[in-house]
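Visitor: Handing you this structure, nothing more for now.
The values are calculated or read from the model by the stated rules, or taken from the named source; none is laboratory data. Small disclaimer: the values here were computed from a predicted structure and weren't measured. We place every Cβ from the backbone using ideal geometry, glycine too, and count neighbours over all the protein chains shown.
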Amino acid sequence: MRSDPILYSFRRCPYAMRARLALAICETRYVLREVKLARKPAELIEASPKGTVPVLVLPDGTVIDESIEIVRWALAQSDPEGWLDRDDAGLIERNDGSFKHDLDRYKYPDRHQSDAMLHRQRGLEFLRLLDERLSEHPQLCGSQRGITDAAIMPFVRQFAAVERDWFAAQPIPHLQKWLEHHLSSPLFLAIMVRFDPWAPGDRAVTMQGCAEPS
């Protein structure tokens, strides 16, 4: 039996980011397999036929292929910062539901045949909600970062990157400060290291915490 879980991931995917953030903060040792989405390895499809990332394959063969479930599994193993104490499941669900719907149609209007400006405005309503919460404390559920911040931040990052100047000009200063704080954190920088797409026979890339991969 293998000793380490295997994570199939794609560096820029916000779902995969949240999984890597949780695995890093709990210092779970795992093998990272970066995926090229246009050429998904057969091993990924075998583990999870839907073919999306992230997918975590545990040493006993158990497969977890929902990102928030990977996050919760990782934190159940070890939660050194008490992330699970700052869990707003409803806010995460809204992020993954209506906000992600608007994000996709704002970022990819041709693919969805959508009105990008309409969905930008709808997405901004969610960002204003986050900004209001952050006006009361520096993180979404209090003074310290938690699972809610890790689950939502990668999607806010993606929304902000569509039109950076427009995002910077919006009256959401608390959210902008919160996002910049997370993007410049050692934790985030550690999980955004670049790797070539994995192929069978490649040397294993082993990750653990915020340290350099071995």
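Visitor: Looking at this structure, is A190 touching a Lys or Arg at 6+ places or on another chain (Cβ under 7 Å), of a type outside the set (S, T, N, Q), closer than 30 Å to D4 by Cβ and surrounded by 17 or more Cβ atoms within 10 Å (Cβ to Cβ)?
Guide: no
Visitor: Name the pairs: first residue in the stretch 149-168 and under 17 Å from H101 (Cβ atoms), second residue of a type in the set (K, R), Cβ to Cβ under 8 Å, at least 6 apart or on different chains?
Guide: Matching pairs, first to second residue: A151/R18; P154/R18; F155/K100; Q158/K107; F159/K107; V162/K107; V162/R120.
Visitor: Just checking, does the stretch 18-30 include any residue being farther than 23 Å from A160 by Cα, buried (at least 18 other Cβ atoms within 10 Å of the Cβ) and without any contact (Cβ under 8 Å) to a residue 60 or more places away in the chain?
Guide: Step one: list which residues in the stretch 18-30 are farther than 23 Å from A160 by Cα, which gives 23-30.
Now drop any that are not buried (at least 18 other Cβ atoms within 10 Å of the Cβ), which leaves 23-26, 28, 30.
Cutting the leftovers down to without any contact (Cβ under 8 Å) to a residue 60 or more places away in the chain gives us 26.
Yes.
Visitor: Any residue that is under 18 Å from A204 (Cβ atoms) and either touching a Gly at 6+ places or on another chain (Cβ under 6 Å) or among the hydroxyl-bearing types (S, T, Y) (or both) - is there at least one of those in the stretch 30-50?
Guide: Yes - at least one qualifying residue is present in the stretch 30-50.
Visitor: In addition: Need the failing condition index for I68 against (1) within 18 Å of the chain's Cα centre (by Cα); (2) surrounded by fewer than 16 Cβ atoms within 10 Å (Cβ to Cβ); (3) under 21 Å from Q158 (Cα atoms), just the number.
Guide: It fails just one condition, (2).
Visitor: From the set of residues in the stretch 46-63 that are under 15 Å from the mean Cα position of the chain (by Cα) and either within 22 Å of G209 (Cβ to Cβ) or without any contact (Cβ under 8 Å) to a residue 12 or more places away in the chain (or both), which is surrounded by the fewest Cβ atoms within 10 Å (Cβ to Cβ)?
Guide: V53
Visitor: Six or more apart or on different chains, Cβ atoms under 8 Å: show the pairs whose first residue is in the stretch 175-200 and assigned by TED's automatic domain parsing to the domain that holds I147 and whose second is of a type in the set (S, T, N, Q) and modelled with pLDDT of 95 or more.
Guide: Sorted first by the residue in the stretch 175-200, then by its partner, the pairs are Q176/Q170; W178/Q139.
Visitor: Within the stretch 28-36, is there a residue that is farther than 24 Å from L187 by Cβ and of a type outside the set (V, I, T)?
Guide: Checked the stretch 28-36: at least one residue is farther than 24 Å from L187 by Cβ and of a type outside the set (V, I, T).
Visitor: Let me ask something else about it. Looking at the structure I just gave you, is Q158 surrounded by 15 or more Cβ atoms within 10 Å (Cβ to Cβ), farther than 19 Å from L21 by Cα and among the polar types (S, T, N, Q)?
Guide: In short, no.
Visitor: Is it the case that the stretch 4-12 has a residue that's within 24 Å of M192 (Cβ to Cβ), modelled with pLDDT under 95 and either exposed (fewer than 13 other Cβ atoms within 10 Å of the Cβ) or among the hydroxyl-bearing types (S, T, Y) (or both)?
Guide: For the stretch 4-12, residues within 24 Å of M192 (Cβ to Cβ), modelled with pLDDT under 95 and either exposed (fewer than 13 other Cβ atoms within 10 Å of the Cβ) or among the hydroxyl-bearing types (S, T, Y) (or both): absent.
Visitor: Same structure again: When both residues are 6+ apart or on different chains and their Cβ atoms are under 7 Å apart, which pairs have a first residue that lies in the stretch 127-141 and is closer than 15 Å to R94 by Cβ, and a second that is assigned to a strand (DSSP E or B)?
Guide: Short answer, once both residue conditions are applied: none.
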